[in-house]
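First comes the structure, then the notes that go with it.
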Amino acid sequence: MNAYCACIFDLDGTLADTLHSIAYFGNGTLSAFGLPPIAVQEYRTLVGNGAAVLMDRMLARVGADLPEEERRRFRAEYDRRYAADPLALAGAYPGLPEVLARQRQAGRKLGVLSNKPDSMTRAIVAELYPGVFHAVHGQREGVPIKPDPAALLAMAEELGAAPEEVLYIGDSGVDMDTGRNAGMDACGVLWGFRQREELVEHGAKYLAGGPLQLEEIIEKR
C-alpha cells in the first residue's frame, strides 16, 4: 500500500512532554483549595479524557467530595492557571520537530486533535511546532471528545483524506480506540504517558519506540 497521505496526532504525551506541566497546574489548583498534591507520575493515568474528567480524577485521588458549585470553581481555577502560561514546563519530544518538518516538506497533511481545551492546544502547538500542522483542534463546545470519532473524522475531511489514508498517532488507549472508531490505523508511541500493554490492549496496529521509527511507519506502512 502507499504511504499514508495524512497523519493526525494527539498532543499530551505524543507531541508535547506536558506531564510536569499538567502536574504543576493541577497541584497548584489543589493547593488553592487547601488540598494535598498528587505525585507527578500519578498524573500519567489521570489525564487523557479531557479536563473535566481530569478534575474528577484529581479530586477522587485526594478524597475530596466537593459540592457542584465548588467543583465549577475548581475547574475555573485550573483553567485560569493553565491559560495564563500554557507552555510552563512543556516541551517537544526530542527528534519529533525534525521528523514532522520532513513529513510536511514531503507533502503529507498533518493535524493535531487533543482532548485538551482548544485555546491551550493551539497555543502549545504554535510554540513547539510553528508552521508544521495544517489543522489543530482541542476540545471545543458542542464537539464530543475522544474516543468519539466525530472530531477525528471531521479533521480527516478538513485535510482532504479518507479515513483509510490517515494514521492516527497517540500515547493512550483512548487514542487507539479513537483511531479504530474512525476506521483509521492507530499507532501508539512508547515515549508517552501510558504503557505498551495498554496500547496493545486497545488495538494499536503499530508501536513506535522513537520518532525515527514513527517516520518509517508513516512512509512504509
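Quick look at the numbers
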quantity: Packing-based ranking, highest mean first, of 14-21, 210-217 given that Cβ atoms within 10 Å are counted; calculated: 14-21, 210-217
quantity: Candidate aspartates and glutamates - alpha carbon under 18 Å from K146, same-chain residues fewer than 8 apart omitted; calculated: D10, D12, D56, D118, E157, E158, D171, D175, D177, D185, E198, E201
quantity: Which labelled figure in (i) 59, 40, 34; (ii) 55, 32, 31; (iii) 51, 37, 35 is Cα extents along the principal axes in Å, once derived from the coordinates; calculated: (ii)
quantity: Radius 14 Å from Cβ of V200, net charge of other residues (Lys, Arg +1; Asp, Glu -1); calculated: -2
quantity: Fluctuation leader among A83, A39, A156 - the chain, Gaussian network, Cα springs under 10 angstrom; calculated: A39
quantity: Neighbourhood charge, 14 Å Cβ-Cβ cut-off, centred on L113 and excluding it, Lys, Arg +1 and Asp, Glu -1; calculated: -4
quantity: Simple Cβ-charge dipole of the chain, Lys/Arg +1 and Asp/Glu -1, about Cα centre, in debye nearest 20; calculated: 240
quantity: Set of lysines near K205 by C-alpha distance (under 17 Å), chain-local residues within fewer than 8 positions excluded; calculated: K220
quantity: Heavy-atom accessible surface of the chain: percent carbon and sulfur, 1.4 Å; calculated: 50
quantity: Residue-averaged 222 nm ellipticity for the chain, from DSSP H runs of 4+ at -39500 (n - 2.57), nearest 500; calculated: -13500 deg cm²/dmol
quantity: Helix 51-61 axis, angle to the chain major axis (alpha carbon atoms, nearest 10°); calculated: 50
quantity: The range 162-221 versus the range 1-73: alpha-carbon centroid distance in Å; calculated: 21
quantity: Where the chain is the region considered: accessible area per residue in Å², 1.4 Å probe; calculated: 44
quantity: In degrees, nearest ten, helix 96-105 long axis to first principal axis of the chain (Cα); calculated: 40
quantity: Nearest-ten-degree value, helix 118-128 long axis tilted from longest Cα axis of the chain; calculated: 60
quantity: Radius 12 Å from Cβ of R71, net charge of other residues (Lys, Arg +1; Asp, Glu -1); calculated: -3
quantity: Gaussian network model of the chain, Cα within-10 Å springs - most flexible of A64, A23, A101; calculated: A64
quantity: Positive-end extreme of charge dipole, the range 59-194 - chosen from L190, P94, L66 (charges on Cβ); calculated: P94
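The values are calculated or read from the model by the stated rules, or taken from the named source; none is laboratory data. From a predicted model like this one, the values you see are computed outputs, not experimental measurements. So basically every Cβ, Gly included, is an ideal-geometry build from the backbone, and we count neighbours across all protein chains shown. Each accessible area value is taken on the protein alone, full model and side chains, heavy atoms only, with ligands, DNA and RNA left out. Shrake-Rupley method; radii C 1.70, N 1.55, O 1.52, S 1.80 Å.
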